[in-house]
1. Using alpha carbon centroids, what distance separates region 286-340 and region 186-224, in Å?
2. Please go through region 201-234 and write out the GluC sites (Glu not before Pro) that DSSP classes as loop and that have at most 14 other C-beta atoms within 10 Å.
3. Tell me the per residue accessible area of the chain using a 1.4 Å probe; a whole number in Å² is fine.
4. With the dipole of the chain worked out from charges on the C-beta (+1 for Lys and Arg, -1 for Asp and Glu) around the Cα centre, which of 136, 190, 65 lies farthest toward the positive end?
5. Can you match semi-axes √(5λ) of the Cα gyration tensor in Å to one of these, [x] 32, 24, 16; [y] 31, 22, 21; [z] 28, 24, 21, based on a calculation from the structure here?
6. Under a Cβ-only charge scheme (Lys and Arg +1, Asp and Glu -1), can you give me the dipole magnitude of the chain about the Cα centre, in debye to the nearest 20?
7. Expressed as a whole percentage, what fraction of the accessible surface of the chain belongs to carbon and sulfur atoms when a 1.4 Å probe is rolled over the protein heavy atoms?
8. Select from 118, 2, 179 the residue farthest towards the positive end of the dipole of the chain; place +1 on Cβ of Lys and Arg, -1 on Cβ of Asp and Glu, and compute about the Cα centre.
Amino acid sequence: MTVDALTDVAGLRVGHATRTGGGLLTGTTVVLAPEGGAVAAVDVRGGGPGTKETDALDPRNLVRTVEAVVLTGGSAYGLDAASGVMAWLEERGRGVRVGADPAHVVPVVPAACVFDLGRGGDFRARPDAATGRAAVEAAAATAPGSPVAEGCVGAGTGAVVGQLKGGIGTASTVLDSGITVAALVVANAAGSALDPRTGVLYGELFQGRVTYPEAPVHEAAGRRLSEAAARNQAPPLNTTLAVVATDADLSKAQAQKMAGTAHDGIARAVRPVHLLNDGDTVFGLATGERPLDAGNPLALNEILAAGADVVTRAIVKALRSAEPVAGPGGAWPSYEELYGTR
């Protein structure tokens, strides 16, 4: 049984730490790999990324597997959340062995951040090491294959897409080969996810027939979005983050290719993308539980195509799951509030 989430890749767990109230509108999400790690790679396309330990994931470099990936709010300040995850992993002896003593490990914890500073009203209210520890503890406490909370949780708490409230979304698919491909996305983009002519989410145009909102509904939504744009004074400093994972046995180079083609999934759902104001970053994880079919030269291509598809669908789910937010840092309506077309 699948739950249409990143956790359909056996061994992966997801935990959120959500921080709201008192000027906070932010959080951290941790993807926890099986003990022993997962092959990891990354592809960064945005012009303003905020990342940690991504150089280690280059296929030319030493580190092959990681124990966790951190997605966080708080812009570059929020990358401190990875320190809390590192400490938690070190306490359990999980990481790169650097000595004879099993306790001598260095956990490599790649991380990427989204810009949500001040959206809760306090520019200095942001995730820290304690937030990261809370998120990894939440991940460790989940049962294998558990559903993943979506919408305004974890790193998606303060996320915004254009003038719509963004958030966390996740999706998965099982290929004919039995290989699972899944994605978790923090939808927080400077571009728009909404077709201005019809009110349809761009990402849903790639999922078959759609129901178009009636003209009066779309016109009313347009007025609400214009009002929101007039009230929201924060600069469009945004980022879409994703973790794309599979249970296939991939090399680091193949995982990097999967991360790269998954950016196409963002481009289908958000326009424009990869701007100087964005830090769009995709991590690729492979747990290696299922071999690639050596006799099928298209086996890898099927994984690459599926990775982009689940990213698009995860972004749609993030927007469909988001709840509106109005506060001292700004006011962002949700798609469901405006169109009510679930």
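The values are calculated or read from the model by the stated rules, or taken from the named source; none is laboratory data. Values in this document were obtained by computation on a predicted structure and should not be read as measured data. A quick note on method: Cβ atoms are made from the backbone with ideal geometry, for glycine too, and the neighbour counts reach across all protein chains shown. With ligands, DNA and RNA removed, areas are computed over all heavy atoms of the protein, side chains included. Shrake-Rupley method; radii C 1.70, N 1.55, O 1.52, S 1.80 Å.
1. Going from one Cα centre to the other spans 17 Å.
2. Those that pass, being in a loop and sparsely packed, are 214.
3. With the other protein chains kept in place, the chain gives 40 Å² per residue.
4. Going by the charge dipole, the pick is 190.
5. Computing semi-axes √(5λ) of the Cα gyration tensor in Å and matching it to [x] 32, 24, 16; [y] 31, 22, 21; [z] 28, 24, 21 gives [x].
6. Details: 28 positive and 35 negative charges, 119 e Å.
Dipole size: approximately 560 debye.
7. Accessible surface attributable to carbon and sulfur in the chain totals 51 percent.
8. The residue sitting farthest along the positive end of the dipole is 118.
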